[in-house]
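Encoded as structure tokens, the structure appears first; notes follow it.
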Amino acid sequence: MLKKGSKLYSVFHNKCPQCQTGNFFQHPVSLNFKNNLKIHKNCDSCGLKYMIEPSFFYGAMYVSYALTVALAVAIFVLGHLFHLGLITSFIAILMILLGLTPITMRLSRLIYINMFVHFKEKTG
């Protein structure tokens, strides 16, 4: 499932969606939002241009929205299973979503580019 050649490998290992060798982001995950979303212009390994068109990653906002809604629903269900009150569940959702914002922003970009760029195995 997470073998090289799968979309999940590219997403969870911060790799180029085409060759899955070069890094997608310039820096590791951090709370420094200035550097958190900086991507390379091209892949170091295969030369794929990451910014396929101007404003390409605006579409990643929809992916980010879906990720955060799914996460919020999962946290709410867990809170309900553990008999947390509505306010406590709401506070837990806010805290967890704020804490995971750097990760969800990066994941949404990787998922979005993987929708359009497919793995090409090197031959020769």
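The values are calculated or read from the model by the stated rules, or taken from the named source; none is laboratory data. Note that the structure is a prediction, hence the values are computed from the model and not measured. Don't worry about glycine lacking a Cβ; one is built from the backbone with ideal geometry, like all the others, and counts go over all protein chains shown.
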| field | Every residue from region 24-43 that is of a type in the set (K, R), modelled with pLDDT of 90 or more and farther than 17 Å from F56 by Cα | value | none
| query | Any chance region 8-25 includes a residue that's more than 15 Å from I103 (Cα to Cα) and among the small types (G, A, S)? | reply | yes
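Based on this model, can you work out whether S89 counts as more than 13 Å from the chain's Cα centre (by Cα) and of a type outside the set (A, V, I, L, M, F, W, C)? Don't jump to the end; show me each part of the working.
Numbers: more than 13 Å from the chain's Cα centre (by Cα): yes; of a type outside the set (A, V, I, L, M, F, W, C): yes.
Yes.
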| message | What's the number of the only condition in (1) farther than 27 Å from Q18 by Cα; (2) buried (at least 18 other Cβ atoms within 10 Å of the Cβ); (3) in contact (Cβ under 8 Å) with a residue 60 or more places away in the chain that L31 fails to meet? | response | (2)
| query | Is at least one residue of region 52-63 in contact with a Phe, Trp or Tyr (Cβ under 9 Å, 6 or more places away or on another chain), among the small types (G, A, S) and crowded, with 16+ Cβ neighbours inside 10 Å? | reply | yes
| field | A66 small (G, A, S), out of contact with any His (no Cβ under 7 Å at 6 or more places or on another chain) and surrounded by 14 or more Cβ atoms within 10 Å (Cβ to Cβ) | value | no
| note | Within region 32-54, the residues that are closer than 29 Å to L97 by Cα, of a type in the set (S, T, N, Q) and outside any loop (DSSP other than H, G, I, E, B) are N35, N36
| remark: Among (1) under 16 Å from the mean Cα position of the chain (by Cα); (2) not in a loop (DSSP other than H, G, I, E, B), V29 falls short only on (2)
| task | Say whether the condition of being in contact with a His (Cβ under 9 Å, 6 or more places away or on another chain), assigned to a helix (DSSP H, G or I) and surrounded by 15 or more Cβ atoms within 10 Å (Cβ to Cβ) is met by at least one residue in region 94-114. | result | no
| surrounded by 12 or more Cβ atoms within 10 Å (Cβ to Cβ) and part of a loop (DSSP other than H, G, I, E, B), is that true of L84? | yes
